[in-house]
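The values are calculated or read from the model by the stated rules, or taken from the named source; none is laboratory data. Remember, predicted model here, so these are calculated numbers, not experimental data. When we count neighbours, we look across all protein chains shown, and the Cβ atoms used for this are built from the backbone with ideal geometry, even at glycine. Only protein heavy atoms, including side chains, enter the accessible area calculation; ligands, DNA and RNA are left aside. Shrake-Rupley method; radii C 1.70, N 1.55, O 1.52, S 1.80 Å.
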Amino acid sequence: MSKVILLADRRNDLPAPVAPPAPGQPALDLRARPLRDLRISVTDRCNFRCTYCMPREVFDADYTFMRHSDLLSFEEIARLAGVFTRLGVEKIRLTGGEPLLRKHLENLVGLLADVRTPAGQPLELTLTTNGSVLERKAADLKAAGLTRVTVSLDALDAAMFQDMSDSGFTPDDVLRGIDAAARAGLAPVKVNMVVRRGLNDAQILPMAERFRHSGHILRFIEYMDVGNTNGWNLTEVVPSQEVLARIGAVYPLAPVAADDMGRVAERWRYLDGGGEIGVISSVSHAFCGGCTRARLSPEGKLFLCLFAHQGYDLRAPLRDGASDDELAAILTGIWAGRGDNYSEQRGRHMADPARKVEMSYIGG
Ligand code: SAM
Ligand code: SF4
Ligand code: SF4
């Protein structure tokens, strides 16, 4: 019996290892969904306190964040990324917390840029950031091999931005980050706006106007019931259809055909050539059937769904000396047992008081 099986038995928290797929074939889960995307959260810390993600009354001075020694090192992350490519991963997104708070993140980007798929292709390497320090980091990230960047921006109006982010930063700080990213070649820049009725929905049209003809792609995200701390309420969700109707009434829109499985945003284009927008409708129109994403936490736990209650500890086998083949078998075994479809059954889950993982820990 291999060392990994002994580990799995002893720890009793990893499913049985399964032989990885043949090169070029993706690992499939219980619903025949391939593993294509890996989101890697590099820190649980953030310099914002967005009310929908890290409300200040919970994430205050007494909150215990992870110790640096508990985090996966850049070398460990890059090694795992290499193993994940054997299961079909082609795209990696770095996230957090605020990923740019992790010191020298460009060094991790450099290591990941050297990873190749079994077909010898580099990975698509992206990053989601609040943009607060992007202006001074964009060029280094691009030089290290980052492909593109997604920047979160919930309002152009300074007071509304403050209400949403609860931070000392301004919309101009983020806009300068977006410009710097585009100048550095991290384009097209995607801009994510979480919409909350009564808080920032008055910014839908101004945001659309600001980013039309800019070359950036604005995406409207339905406010989700992630984590346990944001006091989520369905009445605050603005369904994507309403967002599209509000914009389309002023600037007519047409749908753009979906091009691949695993794409979360529905794409729309302005009929007058003003560019594209996207809507992410995880509440009003669940897309679990095409969910090809796994999520790695800062200390190396693998989560199979944004709404999962627990993750699988990969750091232990990694630090206990598992070989790449053994890690690939562990990962295949975990993915093979995945049946998650939380958003498709949201109503049923809402009554379930079990603790969900926080967005600031696992990333969006
Ligand atoms: N700090 C970075 C940022 O804000 O871009 C990366 C991490 S953040 C958790 C990733 C994305 O999740 C952001 O675009 C954020 O707006 C989104 N997000 C966080 N909480 C959310 C919620 N409750 N509903 C919908 N989106 C949310
Ligand atoms: Fe920080 Fe991003 Fe969460 Fe806002 S959404 S608190 S910027 S991790
Ligand atoms: Fe994927 Fe879970 Fe979201 Fe469904 S609810 S799309 S399975 S992350």
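Of note:
- If the condition is being modelled with pLDDT of 85 or more and more than 13 Å from ligand 3 (Cβ to nearest atom), then region 325-351 contributes ASP325, GLU326, LEU327, ALA328, ALA329, ILE330, LEU331, THR332, GLY333, ILE334, ALA336, GLY337.
- Test: residue in region 133-144 that is aliphatic (A, V, I, L, M), assigned to a loop (DSSP other than H, G, I, E, B) and within 12 Å of ligand 1 (Cβ to nearest atom): yes
- Residue match in region 83-103 (condition: closer than 20 Å to VAL149 by Cβ, in a helix (DSSP H, G or I), in contact with a Phe, Trp or Tyr (Cβ under 9 Å, 6 or more places away or on another chain) and open to solvent by 20 Å² or more (accessible area, probe 1.4 Å)): no
- Of residues in region 1-43 being of a type in the set (S, T, N, Q) and out of contact with any strand residue (DSSP E or B) (no Cβ under 6 Å at 6 or more places or on another chain), the one modelled with the lowest pLDDT: SER2
- For region 285-304, the set of residues classified as more than 9 Å from ligand 3 (Cβ to nearest atom), outside any strand (DSSP E or B), in contact (Cβ under 8 Å) with a residue 60 or more places away in the chain and on the phi < 0 side of the Ramachandran plot consists of SER297, PRO298, GLU299, listed by residue number.
- Long-range neighbours under 7 Å by Cβ, at least six apart or interchain, first residue under 21 Å from LEU218 (Cβ atoms) and open to solvent by 30 Å² or more (accessible area, probe 1.4 Å) within region 125-142, second of a type in the set (Lys, Arg) and more than 14 Å from ligand 1 (Cβ to nearest atom): GLU135/ARG176
- Test set (1) closer than 25 Å to ASP157 by Cα; (2) touching a helix residue (DSSP H, G or I) at 6+ places or on another chain (Cβ under 9 Å); (3) open to solvent by less than 60 Å² (accessible area, probe 1.4 Å) - GLY198 fails condition number: (3)
- Of the residues making up region 291-300, those that are closer than 20 Å to ASN228 by Cβ, surrounded by fewer than 21 Cβ atoms within 10 Å (Cβ to Cβ) and within 16 Å of ligand 1 (Cβ to nearest atom) number 0.
- Region 214-229 - residue that is away from ligand 3 (no atom under 15 Å from the Cβ) and within 22 Å of VAL191 (Cα to Cα) and, of those, most open to solvent (accessible area, probe 1.4 Å): GLY215
- When each of VAL238, VAL256 is tested for being open to solvent by 30 Å² or more (accessible area, probe 1.4 Å) and either of a type in the set (Val, Ile, Thr) or touching a Gly at 6+ places or on another chain (Cβ under 7 Å) (or both), the lone residue that passes is VAL256.
- Only residues that are in contact (Cβ under 8 Å) with a residue 60 or more places away in the chain, more than 14 Å from ligand 1 (Cβ to nearest atom) and crowded, with 20+ Cβ neighbours inside 10 Å were counted in region 43-81, giving 4.
- Every condition in (1) more than 16 Å from ligand 2 (Cβ to nearest atom); (2) among the small types (Gly, Ala, Ser); (3) part of a loop (DSSP other than H, G, I, E, B) holds for ALA316 except the one numbered (3).
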